[in-house]
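Asker: Below: one structure in structure tokens.
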Amino acid sequence: MARLESRHNVVIKGIGVSPGIVSGRAYLLDDMDVPVPYLHLHSASHIADEIKRFKKAIGEAKTELLDIRKAMSEEKGLEPLFIIDAHIMMLKDASLIQSTIENIESRKINAEWALMLTIEKYRKAFSKIEDLYLKQRISDVEYVGQRILRSLSETKREPITEIKGDVIIIARDLSPADTVQMKIGRVLGFATEIGGKTSHTAIVARSIGIPAVVGLERITHEIHNDDYIIVDGCDGIVLINPDPEIIKRYEDKSRHFRELEEDLLKEASQPAITLDGRRIDISANVEFIEEIPSALIHGAEGVGLYRTEFLYINKERLPTEREHYNNYKHLLEGKGLAWSTIRTFDLGGDKFISDPRLAKELTKETNPVMGLRAIRFCLQEIELFKIQLRAILRASVHGKTRILFPMISCLEEILEAKRVLEEVKRELTLEHIPFAADIEIGIMIEVPSAVLIADRLAQEVDFFSIGTNDLIQYALAIDRVNERVTYLYEPLHPAVLRLIKMIVTAAHKAGIRVSMCGEMAGEPAYTLILVGLELDELSMNPMAIPRVKKIIRRAKSTESKALVKKIMTLSCAADIEEYVKKYMVRRFPDVFAKEEDQNCSIS
Ligand code: PEP
Ligand code: MG
């Protein structure tokens, strides 16, 4: 194809998935995609050879991934990421291998074509999943497929660790394994055509702190090697060959961003105590153990929500008690975490599990979010529930443990969950297996009925954790994943504020503590309100922690109460939102940089 002339001052808008601004030389990584030939096999011996070739390619792909994993484990401060392990596991996936071999045999076709048919089957199955996070896991299957195809075609993508000089990588798609290598190499940032906020590639980029923009249509056609580009991961923008004056503006913006981040990180380990002495515990929401080092750097004091359902998802089989135990032990032993809140599995609804019997149990309810999920599913699958509880109890000797039960909607559910927990404790005692005596028990308050009986529920537990993601959805009747009603998903709806107030009042009256672990807790614009509503702990995405702490440390508890009093007199979410945003920008100008200061676009 004829090379097009480099263009100047081109701006492409995508999705910023890892904040920060970098500029430099573009480096186009060749496409992961390799041509897929079609061949018809005419004899039994050709078929046997093809199966052998396919198995050899799997072995080679596995060796490559093991090499990457080894290189990563030798890099100080970078633990082998779960994603590489997941990809290695996928290469052992019996159904992926078997289905491809069956295609070779029954259709008499070559391994490449047979593998593509298998991946297509997976693609169809994943497309039916509603949960965006899980839907995007098809990219992992595709990465693994591409690796096998590369081995089959005997072509190799150059290792990112060997790229010379500081570059910004441009690619159609990147695997999480590629992203991890950026930590070892000298990559400044990356921009890709494919991806979303919750893709593993994005998760890794955030955890290793490399600015990234994804979802940039045709970016690999727009950019040439050695073009000068700017990647703005904050606003999700890529600029190609910008004029010197634009470069200067972005240099200023980048410096400003870095200074702010450095500034925020300097203070991040300080406790969140208001000027008049009220302390709020600040913790992190984590989905994977590998996020913990970054959570600590960002100032997490504990883990406020460990979403254990990710131990079950995308796995060929259910996790064993030992696997659960090792995972929780790793979490609880982590230095620097004062406590870890392990939520029992919140499977069901829109969260996929691969075990065929359980998948059948869970799938295709007319309204799954209101169906068999979370604690309802735990209590129906008692044996599965007990395996997890045993593992948590056994691991509890390694660090301060809190157990959190999701989606409690009535008293009977917590009584039953506690009964099962006691049964497991008795069994462990009989087996002389130790567990901690001071494990705290909490429930997620995320269903309106739980708010209304919070005074009664508070008698049964040591703490509440407010799951605003679900509470807002159930209280306002807004499906949290339906983009057509997102405009109604209002954390500052007066009804939501009243619900939070009711929960805190009931909890404090009963002498128990309240945490908030929904996304609302990590929104700096809401921090003062949450202080005013007297939350005891805020648990959030680690990147949000420094800003939230900074606000708390510069605020007074009395001021936050006055703000809450004022907004409680307003009747509409929009009015409250406007009032609060204006207040916060005026009050904390260095945290909420003005829009016009940030606007560096060319137009
Ligand atoms: C919530 O509902 O706010 C919550 C934290 O749980 P999840 O997002 O996992 O449903
Ligand atoms: Mg929830």
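Asker: Quick check on segment 469-476. Is at least one of its residues away from ligand 2 (no atom under 14 Å from the Cβ) and more than 19 Å from Leu305 (Cβ to Cβ)?
Answerer: In the first step, residues of segment 469-476 are kept if they are away from ligand 2 (no atom under 14 Å from the Cβ); the result is 476.
Still in the list and also more than 19 Å from Leu305 (Cβ to Cβ): 476.
Yes: one or more hits.
Asker: Please identify the pairs in which a residue from segment 278-289 that is free of Cβ contacts under 8 Å to residues at least 12 places away in the same chain has its Cβ atom under 8 Å from the Cβ atom of a residue that is assigned to a loop (DSSP other than H, G, I, E, B) and more than 16 Å from ligand 2 (Cβ to nearest atom), counting only partners at least 6 apart or on another chain.
Answerer: Within 8 Å, the pairs are Arg279/Pro271.
Asker: So, of the residues in segment 371-395 that are open to solvent by less than 10 Å² (accessible area, probe 1.4 Å) and under 17 Å from Ile414 (Cβ atoms), which turns out to be nearest to the chain's Cα centre (by Cα)?
Answerer: First pass over segment 371-395, keeping only residues open to solvent by less than 10 Å² (accessible area, probe 1.4 Å): 374-375, 377-378, 385, 388-389, 391-393, 395.
With the extra rule that they be under 17 Å from Ile414 (Cβ atoms), the set shrinks to 374-375, 377-378, 385, 388-389, 392.
Values: Ala374: 19, Ile375: 22, Phe377: 23, Cys378: 23, Phe385: 23, Gln388: 21, Leu389: 24, Ile392: 22 Å.
The residue in question is Ala374.
Asker: Which residues, counting only those in segment 185-198, are modelled with pLDDT under 80, open to solvent by 10 Å² or more (accessible area, probe 1.4 Å) and not basic (Lys, Arg)?
Answerer: Passing the criteria: Gly185, Gly195, Thr198.
Asker: Further question on the same structure: Restricting the search to segment 456-481, which residues are in contact with a strand residue (DSSP E or B) (Cβ under 6 Å, 6 or more places away or on another chain) and within 13 Å of ligand 1 (Cβ to nearest atom)?
Answerer: Within segment 456-481, Phe464, Ser465, Ile466, Gly467 qualify.
Asker: Restricting to segment 518-549, count the residues that are open to solvent by 10 Å² or more (accessible area, probe 1.4 Å), away from ligand 2 (no atom under 16 Å from the Cβ), assigned to a helix (DSSP H, G or I) and of a type in the set (D, E, K, R).
Answerer: Number satisfying all stated conditions: 1.
Asker: Sticking with this structure for a sec: Counting only residues that are within 23 Å of Gly165 (Cα to Cα), away from ligand 2 (no atom under 16 Å from the Cβ) and not aromatic (Phe, Trp, Tyr), give me the strands (runs of 3 or more DSSP E) lying completely in segment 217-294 with at least 3 of them. Before the answer, list the steps.
Answerer: On the way: elements: 228-232, 237-240, 279-286.
Strands (runs of 3 or more DSSP E) meeting the threshold: 228-232, 237-240.
Asker: Hey, another quick one. Quick check on my filter: what residues within segment 295-307 are part of a helix (DSSP H, G or I) and within 13 Å of the chain's Cα centre (by Cα)?
Answerer: Passing the criteria: only Ala295.
Here is a yes/no grid of residues against (1) small (Gly, Ala, Ser); (2) under 20 Å from Arg376 (Cβ atoms); (3) at pLDDT below 95:
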position: Glu321; (1), (2), (3): no, no, no
position: His330; (1), (2), (3): no, no, yes
position: Lys335; (1), (2), (3): no, no, yes
position: Ser340; (1), (2), (3): yes, no, no
position: Arg343; (1), (2), (3): no, yes, no
position: Gly348; (1), (2), (3): yes, yes, yes
position: Phe352; (1), (2), (3): no, yes, yes
position: Asp355; (1), (2), (3): no, yes, yes
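Asker: Can you tell me which residue within segment 420-449, out of those that are of a type in the set (Asp, Glu) and surrounded by fewer than 16 Cβ atoms within 10 Å (Cβ to Cβ), is farthest from ligand 1 (Cβ to nearest atom)?
Answerer: Initial filter on segment 420-449 (of a type in the set (Asp, Glu)): 422-423, 427, 431, 438, 440, 446.
Next cut, surrounded by fewer than 16 Cβ atoms within 10 Å (Cβ to Cβ) only: 422-423, 427, 431, 438.
Values: Glu422: 25, Glu423: 26, Glu427: 29, Glu431: 32, Asp438: 24 Å.
Checking each candidate, the answer is Glu431.
Asker: Could you list, ordered by first residue, the pairs with Cβ atoms under 8 Å in which the first is in segment 396-408 and without any contact (Cβ under 8 Å) to a residue 60 or more places away in the chain and the second is open to solvent by 10 Å² or more (accessible area, probe 1.4 Å) and more than 12 Å from ligand 1 (Cβ to nearest atom), at least 6 apart or interchain?
Answerer: Within 8 Å, the pairs are Val397/Pro434; Val397/Phe435; Val397/Ala436.
Asker: If a residue counts only when it is open to solvent by less than 30 Å² (accessible area, probe 1.4 Å) and modelled with pLDDT of 85 or more, which helices (runs of 4 or more DSSP H) contained entirely in segment 98-184 have at least 2 such residues?
Answerer: On the way: elements: 111-127, 132-135, 138-153, 176-184.
In segment 98-184, 111-127, 138-153 are the helices (runs of 4 or more DSSP H) which contain 2 or more residues that are open to solvent by less than 30 Å² (accessible area, probe 1.4 Å) and modelled with pLDDT of 85 or more.
Asker: Could you pull out the residue among Thr558, Thr569 that is open to solvent by 10 Å² or more (accessible area, probe 1.4 Å), in contact (Cβ under 8 Å) with a residue 60 or more places away in the chain and over 28 Å from the mean Cα position of the chain (by Cα)?
Answerer: Residue meeting the stated conditions: Thr558.
Asker: Kindly provide the set of residues from segment 360-415 that are within 14 Å of ligand 2 (Cβ to nearest atom) and basic (Lys, Arg), ordered by number.
Answerer: Across segment 360-415, the qualifying residues are Arg373, Arg376.
Asker: Separate question: Any residue at all in segment 65-78 that is of a type in the set (A, V, I, L, M) and either touching a Gly at 6+ places or on another chain (Cβ under 9 Å) or modelled with pLDDT of 80 or more (or both)?
Answerer: Scanning segment 65-78 turns up at least one residue that is of a type in the set (A, V, I, L, M) and either touching a Gly at 6+ places or on another chain (Cβ under 9 Å) or modelled with pLDDT of 80 or more (or both).
Asker: Just to be sure I understand the filter: pairs with C-beta atoms under 6 Å, separated by 6 or more residues or on different chains, first member in segment 457-470 and in contact (Cβ under 8 Å) with a residue 24 or more places away in the chain, second member of a type in the set (Asp, Glu) and within 16 Å of ligand 2 (Cβ to nearest atom). Which pairs pass?
Answerer: Qualifying pairs under 6 Å: Gly467/Glu446; Asn469/Glu519; Asp470/Glu446.
Asker: Kindly provide the set of residues from segment 258-280 that are under 23 Å from the mean Cα position of the chain (by Cα) and modelled with pLDDT under 90, ordered by number.
Answerer: Hits for segment 258-280 are Glu261, Leu264.
The values are calculated or read from the model by the stated rules, or taken from the named source; none is laboratory data. No experiment lies behind these values; they were computed from the predicted model shown. Counting neighbours? That spans all protein chains shown, and the Cβs are built from the backbone with ideal geometry, glycine included. What goes into the accessible areas is simple: the full protein's heavy atoms, side chains included, and nothing from ligands, DNA or RNA. Shrake-Rupley method; radii C 1.70, N 1.55, O 1.52, S 1.80 Å.
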